Amino acid sequence: MPVDASVAMSVQDNLSAAVVAMKNSMTAFRTDVVGLQKELYNLSNSKASLRIDMNAAQIELKKTRQAYRDLGESATEAERQAAKADWSQAEENLENIRQQYDLVSRQVRQTTKDLEAATGAISKLDNRAARSGGGGETYLLDALGTAGLGQMAGDTAQEIANTLISSTYGSAAGGLISSGLSGAISGAAIGSLAGAPGAAAGAAIGGALGVGSGLSQVFSSRSEAFSSYVQEAVEGQISEQSEAISSGSDTAAQRELDAIAFNRLLGEGVGDQYLSDLRDMAASTPMEYSDLTDMSRALATGFGDSPERMLELMEAIGDAGSAVGVTASDMTEMARAMSRMNSSGKATLEYLNIFQDRGVDAIGMLSEALGKTQGEIYDMISKGEINGKTAANILQQGMEEAYSGAMEQMSTTFEGLSSTLADAETELNNAYGEGYNAARKEGMEEQIDWLNSGAMEEANRAIGAWQAELENEKERYQREAIEAMMSSDEYQSAEAQGDAAEMGRLIMQAKIDGMGEYNKSEGAQLALESELALAEAIRENAQTDDAYWDAGYRKGQQYSKGLNAAIMASPFLSDLEELGASRSGMSGSDGATYSWDDFVSGGKSLLEHLEWFGSSRSGGPASSNAFGLNRVPYDNYAAILHQGERVLTAREARAMDRQGGAFGSVTVTGNQFIVRQESDIDAVAAAILRRAELAAQGGVR
């Protein structure tokens, strides 16, 4: 007898109200579990991304730290402060990322605990439901109960794998695989709600999504590095040029002063030629131009009537100084001693010791030239019996004989080449400076004339007086407020009690009150209105003409473009666009007419277009077919042919295909084949095929 459905349902519903309540509770828990699983997945991805960022920040910290340590003694204080600021910023960035990573890691652990609690509650409800006759979902609750442990085990495996892979292959590969593992683990945990098959499917899907996320992060990292390289390259060139112009301007300005000084010392026009000779000497010796001008000034007082002699003396002193390894400053002192001996006519021990103390045996040279012992030379010096000009001539000759060629030899050393390179760079920058200074002087003269015209004097005087009045008013309001406070009962009481802290608080409060009164004053309000009106005027002008402000925005946008912008701007893509326009309306091999839209959307015509494109870009066929072509893809196909190759018509090709392909028909006669095992059949066939190929290559058909 059939059972009435409504009666059966009524009896089941009334069996136990507790079962219904437990079912509702389990549904709520399942919803929470799904939400927690999604949160865990997102947190795991964030954790992997932060790991990549942290690795990059660690690399940046090492670079900035090394850059600071690599600064030499020639670095300015400003350069040191800038490098130290970069180092500090890199440390701060790394610490911020590390804190975020720790925060996300803690959140992952907390979410895992919440997930375990939720799945545990479901397990308890499931057991109670089963005992109450409400079974049927036990396998699902068991899966939920193990999901949290699976996630914890997966996180541990992920951390280990990420560390090992990053250590082996770098942060990019580590981040990519870590993201894939994170996705697989989270996907498996979510899929475990549907049992083992669901876990496997979830792992596969989650892993694929994780790898996709990792690839996106890797590309983003590469794109940021690319855009940073572009910005650093551009700004580096601009900065380098700016520094070169500044340095060249200083050099050109100094040389302008040098020209004036040496034309006065040596004669008008003679000084210009002398300085030109100095530049040639600087370019061919380890001596720098600035050192040579210092030596020249020292020599000019004694030998200024003979610029040629000055150049000879500088070469002799330069050779001697290079041989004994003294500095340019020491060489200048030797030049000064030579000049004083020549101009005074006296060879004193003071002058000669300048050479002796620096390793040049001046006493020995005098002894050899005059045929006296060194003791006799010292005695002659003390009696003033050696003429200064004579001593200078002897020392010059002695240095030329003893040290000739030392500068040339030194110029091939690293130190010498560094000095010569510095001279070459100075000369190059000087060209910047000469051009800059010549044009800038015109503008400076115009600016000086305008400033001296008095056009701004009255305005500046009035503006200065107004600013002074504002400052006077500010001080007056504060002064009056402090005086009022000090006369108050509150302050008098604090002073009587010796309460310095309270007295200080009241004074500070009075200053603040004074500033408040000043800010309400007519002068302060007028200054405020002036500033607001200026901002409004600038805003209106900038709004009507974006050239006012757009330069910085456009540069920022240009530097924000990454690797994909370069890919999209590649010549190949622009050539494809030209190709599409040129091929638009042409017929393909199937007789149909294709447009540019057909080309860009792919389809059957895309391969034809690309093949035609390859041939057209090279002014003819894109490549030869020396290794064969199975089929000409379309009519009017361009190709390069070589001696010995053969071209068949379509009819001949079809006939050959019917006869057995490229070899025609192959008939094997008069042979005996012994087949011992099944593999011998394949060996025989391979041997026959090889013989047929050799015959075809030899032209046999």
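Below, the figures for the structure above:
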| quantity | calculated |
| --- | --- |
| Loop-located GluC sites (Glu not before Pro) in the range 357-394, at most 13 other Cβ atoms within 10 Å (DSSP) | 385 |
| Whichever lysines have a C-alpha closer than 21 Å to that of residue 63, once near sequence neighbours (fewer than 8 apart) are set aside | 84 |
| Proximal lysines to residue 511, defined as alpha-carbon separation beneath 20 angstrom and excluding residues fewer than eight positions away on the same chain | 474, 520 |
| Cα-based shape type of the range 275-348, given that a ≥ b ≥ c are square roots of the gyration tensor eigenvalues and the cut on a/c is 1.5 | oblate |
| Lysines whose Cα lies under 25 Å from that of residue 113, excluding same-chain neighbours fewer than 8 positions away | 23, 38, 47, 124 |
| Whole-number percent relative contact order across the range 262-317, with pairs defined as alpha carbons under 8 Å at least 6 apart | 28 percent |
| Span from the the range 287-309 Cα centroid across to the the range 404-482 one, whole angstrom | 30 Å |
| Exposure proxy order (Cβ contacts within 10 Å, fewest to most) of 691, 336, 646 | 646, 691, 336 |
| Loop-located trypsin sites (Lys or Arg not before Pro) in the range 463-540 whose Cβ has at most 10 other Cβ within 10 Å (DSSP) | 520 |
| Contour minus Cα-Cα distance for residue 501 and residue 544 (0.36 nm per residue) | 9.9 nm |
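Every number in this text was worked out from the coordinates using simple rules, so none of it is lab data. Worth saying up front: this structure is predicted, and the values here are computed from it rather than measured. When we count neighbours, we look across all protein chains shown, and the Cβ atoms used for this are built from the backbone with ideal geometry, even at glycine.
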